[in-house]
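The values are calculated or read from the model by the stated rules, or taken from the named source; none is laboratory data. Small disclaimer: the values here were computed from a predicted structure and weren't measured. A quick note on method: Cβ atoms are made from the backbone with ideal geometry, for glycine too, and the neighbour counts reach across all protein chains shown.
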Amino acid sequence: MNGNALPRLGLLDSGIVGLYLILLWVIAIRSRRRDNSGEDFLLAGRKLTIPAFIATLVTTWYGGILGIGEFGWKYGISTWIVFGLPYYLHAIVFAIFIAPRSARSKFINLPDQLEKAYNSKTALVGATLLLITTIPAAYLLMLGTLLRMIIPVPEIVAIILGAAISITYLWSGGFRAVVRTDKLQFGLMFGGFFILLLFCFSTLSPFELPARLPPSHLTWHGGHTTAYIILWYIVAAQTYIEPTFHQRCYAAKSAKVARWGTLFSIVAWLIFDLMTTMAALYSRVLLPDLTNPVASFPSLAVLILPVGLLGLFVAGMLATVMSTVDSYSFLAAVTFGRDIVGRYRRKIDDESINRLVRISLVFISAAGILLAAWKGSVIEIWKLLGSISAPALIIPIVSSFWERSKMSPVGALTTMILSAVIVLVWIAGSYLTKSDGYWLGIEPIYIGMAVSMFCYGIDLIIRKLLSGQLTDRNNGI
């Protein structure tokens, strides 16, 4: 882990952050209902309106705030090209073609879609792969980093503390607690960066930035290769299988809420991305010798914000990260407790499912803590988990929404297993050989997508052949 020093908050600013954490806990505890049905605990009764939908989706999918600061400090405006534009494009497609279908399905979680389209075995394998994508390791790492600004403890202790805070109120309130706390966190994340940029503009005119930035920071690629940029556009395709997107669609009051809520969320992400990218450029100019780019936003805030507003900004960053930790922790617990363990037990009531989900919260958080401690880099964790799950799941899940395009049960199951196994072998090879890169210089996600597309092509040919034979028999040939 990075041992570079982090900026520390004073007593007043720490107190403001402490008040935010208390308020968060109070809101979550008050979210608990006597109704202990599966739909209420897991999906807040399927009553999300557009404002609630936007607040919870926007905050959940922007937990990588320190990773954005790190990338922006190093590579400039290419941050928007890599972590903004590809996600907007995929999210637009999701909103138009998939969100309404997902909302109308009335499922609880994405593996239900796989079971309906294919079978229970495919749903179980899919749930296992989806679990990999929802383990909140990267976000626990960022949460621990922020908490160390307030409490001078080792990073692993801060990560454990952050996980414990999340478990405390998810245990009682479930998804309803996630949604209600996200409303508070939506306001804090936007308000915090708005305040930061106001002080940045008063310190240095934005028109002076280009002359003081490294030339590569003003290029679309930021010094990266085209292959590297394309990789992130493929990673962003996991939007179509993003469990948090589907979960909010399942929880929406209607298909209209799901579609328009997603489209309005894209606008909110665009605004917030512009704010964070601008803040990253300021951090590079005002802190050119920063040794720990992960802490670029906190360090910039310490440099230019007065006491009181600094605490408010840090609370906003905590809100951005905690909203994602909460959502992914809860979703991973649902996936493990209901869709993996629960599928073995089959006939199980809502109370038992809720109990399994609560217990799973502890195990999921422990897995996230271990992965965060092992990998130690937000960007690397994103790449690792996305490379394993996205290629294996995108084609089987996306095709399952249309009867004519969906794979056969055998084809979908084969695609998931084969793609994931080959990617894991590809990744393991670089560790076993202790090489700096991957075999043949090819990123694992490319290999995984190639395998998945090949399997889909073979499955399509076999289905057409079998369909032709069936037609011939029906015609008496």
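Across segment 260-270, what is the number of residues that are touching a residue at least 40 places away in the same chain (Cβ under 8 Å) and surrounded by fewer than 24 Cβ atoms within 10 Å (Cβ to Cβ)?
7
No other residue among Phe313, Phe363 is buried (at least 20 other Cβ atoms within 10 Å of the Cβ) and either of a type outside the set (Ser, Thr, Tyr) or closer than 17 Å to Tyr62 by Cβ (or both) apart from Phe313.
From the list Ile340, Ile364, Ile394, Ile369, the lone residue that is over 30 Å from Gly69 (Cα atoms) and either at pLDDT 85 or above or over 18 Å from the mean Cα position of the chain (by Cα) (or both) is Ile340.
Within segment 372-387, restricting attention to residues that are crowded, with 23+ Cβ neighbours inside 10 Å and within 20 Å of Glu242 (Cα to Cα), the residue that is modelled with the highest pLDDT is Ser387. A search for C-beta distances below 6 Å between a residue of segment 121-133 that is at pLDDT below 90 and surrounded by fewer than 23 Cβ atoms within 10 Å (Cβ to Cβ) and any residue that is part of a helix (DSSP H, G or I) and not basic (Lys, Arg), counting only pairs 6+ apart in sequence or on different chains, returns Ile132/Leu385; Ile132/Ile388; Ile132/Ser389; Thr133/Leu385; Thr133/Ser389. Please go through segment 291-347 and pick out each residue that is part of a loop (DSSP other than H, G, I, E, B) and of a type outside the set (Gly, Ala, Ser). Hits for segment 291-347 are Thr291, Asn292, Leu305, Pro306, Val307, Arg346, Lys347. Each residue in segment 69-120 was checked for being under 28 Å from Leu231 (Cβ atoms) and in a helix (DSSP H, G or I), and 33 of them qualify. All of Ser365, Ser360 fail the test of being of a type in the set (S, T, N, Q) and farther than 27 Å from Gly18 by Cβ, apart from Ser360. All of Arg259, Arg248, Arg284 fail the test of being within 30 Å of Ser14 (Cβ to Cβ), among the basic types (Lys, Arg) and at pLDDT 95 or above, apart from Arg284. Here Leu218 clears all of (1) surrounded by 14 or more Cβ atoms within 10 Å (Cβ to Cβ); (2) more than 30 Å from Ile445 (Cβ to Cβ) except the condition numbered (2). Checked against the criterion of being at pLDDT 90 or above and either surrounded by 24 or more Cβ atoms within 10 Å (Cβ to Cβ) or in a helix (DSSP H, G or I) (or both), the candidates Ala28, Ala44, Ala55 yield just one match: Ala55.
Criterion first (among the hydroxyl-bearing types (Ser, Thr, Tyr), surrounded by 20 or more Cβ atoms within 10 Å (Cβ to Cβ), closer than 26 Å to Leu85 by Cα and in contact with a helix residue (DSSP H, G or I) (Cβ under 6 Å, 6 or more places away or on another chain)) does Tyr233 satisfy it? The answer is no for Tyr233.
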